[in-house]
Amino acid sequence: MNMKEHILAALQEQFDSWEELLASLNEEQISTPHFDLDWSIKDVIAHLWAWQQISVARMDAGLQNREPEFPKWIADHEDWEENANQTNSLTYAANHHKPWPEIHQNWRQGFLRFLELGEAISERDLLDTSKFPWLNGYSLALILIASYDHHQEHLEKLVDWLKTQ
């Protein structure tokens, strides 16, 4: 298994773990605040989806060999990448009122699109740290790995919370 296959297999496992866990929860568990900042599981999934949109924009840019076109909700804020707390607040404000099925579907479709893009990009391009100057010396593979890590961080918090129930 090459590096690309390894990373994508880990991301697929991450997706499957989330889907299995989310399917085991009821609407009340999903919508009731349990976490930091009084976030619910629904809010966490919306948060993951928001950052996922940024990752999808980067992966799509890599596939198309162009600069990323970030979603308007984030592109309007100059320091969004440096100020994650502000970005997270924007995400919460924009999505907290949305119903769970919409949040879940957005995240699910975004994750599957992210996997498709990762599959479509050659391993050489994924690992090349100089191919995309807008990544400032990082590789697209790091975008994949960072998404895995971000999902894992929140999955661990959710699993820990569920153990207390």
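The values are calculated or read from the model by the stated rules, or taken from the named source; none is laboratory data. This structure is a prediction, so every number in the text was calculated from the model and none was measured. Backbone-built Cβ (ideal geometry, glycine too); neighbour counts: all protein chains shown.
One residue stands out in segment 132-165 among those that are without any contact (Cβ under 8 Å) to a residue 40 or more places away in the chain and of a type in the set (D, E, K, R): the one that is farthest from GLU69 (Cα to Cα), namely LYS163. Of all residues in segment 126-137, those satisfying the criterion of being within 20 Å of GLN52 (Cα to Cα) and in contact with a helix residue (DSSP H, G or I) (Cβ under 9 Å, 6 or more places away or on another chain) are LEU126, LEU127, PHE132, TRP134, LEU135. Note on segment 55-82: residues that are surrounded by fewer than 18 Cβ atoms within 10 Å (Cβ to Cβ) and closer than 23 Å to LEU155 by Cα total 1. Consider PRO68 carefully, then state whether it is under 22 Å from PRO133 (Cα atoms), over 15 Å from the mean Cα position of the chain (by Cα) and part of a loop (DSSP other than H, G, I, E, B). Yes. Among the residues of segment 93-103, are any assigned to a loop (DSSP other than H, G, I, E, B), among the hydrophobic types (A, V, I, L, M, F, W, C) and at pLDDT 95 or above? Checked against the condition, which is being assigned to a loop (DSSP other than H, G, I, E, B), among the hydrophobic types (A, V, I, L, M, F, W, C) and at pLDDT 95 or above, segment 93-103 yields no hits at all.
Restricting the search to segment 12-38, which residues are of a type in the set (A, V, I, L, M, F, W, C) and surrounded by fewer than 19 Cβ atoms within 10 Å (Cβ to Cβ)?
Step one: filter segment 12-38 for residues of a type in the set (A, V, I, L, M, F, W, C), giving 15, 18, 21-23, 25, 30, 35, 37.
PHE15, LEU21, LEU22, ALA23, LEU25, ILE30, PHE35, LEU37, listed by residue number.
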